[in-house]
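Remarks on the structure that follows.
The values are calculated or read from the model by the stated rules, or taken from the named source; none is laboratory data. Just so we're clear, the structure is a prediction, and the values are computed from it rather than from any experiment. Methodologically, a virtual Cβ is constructed for each residue, glycine included, from the backbone with ideal geometry; neighbour enumeration extends over all protein chains shown. Quick note on the areas: whole protein, heavy atoms, side chains included, nothing else; ligands and nucleic acids left out. Shrake-Rupley method; radii C 1.70, N 1.55, O 1.52, S 1.80 Å.
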Amino acid sequence: MGHEVCGEIAETGDAVEGFAPGDRVTVMPALGCLQRGIDPPCRVCAEGRYGICENWTEGSLPAGMFVGNTAEVPGFISEMGVAHAKQLYKVPQGVSDENAVMTEPFATSLHMVVGNRVQPGETAMVIGHGVMGLCTIAALRALHPDVRILGVEVDPFHSGVARDMGVEEVIKPGGKHPYKRIAELTGAKMYKPLMAKPILIGGVDRVFDAVGSTDTVAFSLRVLAHAGTYNMLGISKVKKIDWTPVWLKELTLRGIYVYGNEEVGGRTLHDFELALDLFARGKADLSHLITHRFTLDEWPKALDTALNKGREKAIKIIFTN
């Protein structure tokens, strides 16, 4: 917890360059080879993909992938925190604290969307409209304004937020209706095998699954068009899956964890830089996703709200000083 943060630098070490007390920054929380004192770095860190470092159990830090789940690098649910200078990104003037604190989840969604090479006129489907699903919708809208977005979500409040962010239609999961509706919206053919769930020939070009459950994985594979791409962003316990659509349609399956360096518009930049640039240029605004604010003293109420988002109509919960 506490790996998403925006704050001002209080103090810097003697060797730090490019940052000074008072600078407003956000923290890229991945703990790669550099932060662990490992040189030479592993192959993925050498490529700028620090979030999937191969040495997260090695080096000068205890095991853990990022700030907040490593014993000696606690998260930022506190008055003060510590970060390596290479984890810091300055927040541009004009970017609100509310957007800056959303940089981390937005960067993850940007990493996923950039890696898909979405084409003009494609139809994308976003499953689950919690924080990560809504960030994915924002990433699609910012980078591919002409893409058509369909949504799948059970909660009416989150469905409404998704529609306000540009989702054409939000479909409620369950039964055969979602298959039929997606077939209608995409011009696909729906077939009903005797002993299996419906399957579409045609359908959506890309699925961004922010749930990752047995039902959402199975559903996604069956509504993807031939040569479509499935992206697993959400994490749930997955049981038995019928993988027939994967070979039948030659689907591509991608796992998404965090962020890294990207080639965007002919330049190389980290997803955190891309997120902050989109905020600064007004191409994305996620401040409305922050629905609840608490002081540190109110942490019991904050955690209860986070564990009962449906009851509280909560999306993103933050602590403020």
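Going through segment 36-52 one residue at a time, which ones are open to solvent by less than 30 Å² (accessible area, probe 1.4 Å) and not in a helix (DSSP H, G or I)? Within segment 36-52, R36, C42, G48 meet the criteria.
Of all residues being open to solvent by 60 Å² or more (accessible area, probe 1.4 Å) and not in a loop (DSSP other than H, G, I, E, B) in segment 188-213, which is farthest from L143 (Cα to Cα)? Just the residue, please. If we take residues in segment 188-213 being open to solvent by 60 Å² or more (accessible area, probe 1.4 Å) and not in a loop (DSSP other than H, G, I, E, B), then Y191 is farthest from L143 (Cα to Cα).
Given the criteria in a helix (DSSP H, G or I) and touching a Phe, Trp or Tyr at 6+ places or on another chain (Cβ under 7 Å), does S220 qualify?
For S220, the condition - in a helix (DSSP H, G or I) and touching a Phe, Trp or Tyr at 6+ places or on another chain (Cβ under 7 Å) - is met.
In the set (1) on the phi < 0 side of the Ramachandran plot; (2) under 21 Å from the mean Cα position of the chain (by Cα); (3) crowded, with 16+ Cβ neighbours inside 10 Å; (4) outside any strand (DSSP E or B), L185 fails one condition alone, (2). Determine which member of the set G121, G64 is in contact with a strand residue (DSSP E or B) (Cβ under 8 Å, 6 or more places away or on another chain), open to solvent by less than 10 Å² (accessible area, probe 1.4 Å) and either under 25 Å from D297 (Cα atoms) or without any contact (Cβ under 8 Å) to a residue 60 or more places away in the chain (or both). Sole residue among the options that is in contact with a strand residue (DSSP E or B) (Cβ under 8 Å, 6 or more places away or on another chain), open to solvent by less than 10 Å² (accessible area, probe 1.4 Å) and either under 25 Å from D297 (Cα atoms) or without any contact (Cβ under 8 Å) to a residue 60 or more places away in the chain (or both): G64.
Rundown of residues vs (1) under 20 Å from the mean Cα position of the chain (by Cα); (2) assigned to a helix (DSSP H, G or I); (3) closer than 28 Å to R293 by Cβ; (4) without any contact (Cβ under 8 Å) to a residue 12 or more places away in the chain, yes/no style:
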position	(1), (2), (3), (4)
E54	no, no, no, no
G68	yes, no, yes, no
R117	yes, no, no, yes
M125	yes, no, no, no
T136	yes, yes, yes, no
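Within segment 146-163, identify whether any single residue is open to solvent by 30 Å² or more (accessible area, probe 1.4 Å) and under 17 Å from the mean Cα position of the chain (by Cα), and answer yes or no. No - not one qualifying residue is present in segment 146-163.
Only one entry of G59, G18, G75 meets the criterion of being under 23 Å from the mean Cα position of the chain (by Cα) and more than 30 Å from G228 (Cβ to Cβ), and that entry is G75. Looking across segment 285-321 at every residue that is within 17 Å of the chain's Cα centre (by Cα) and of a type in the set (D, E, K, R), the one that is least open to solvent (accessible area, probe 1.4 Å) is identified as K316.
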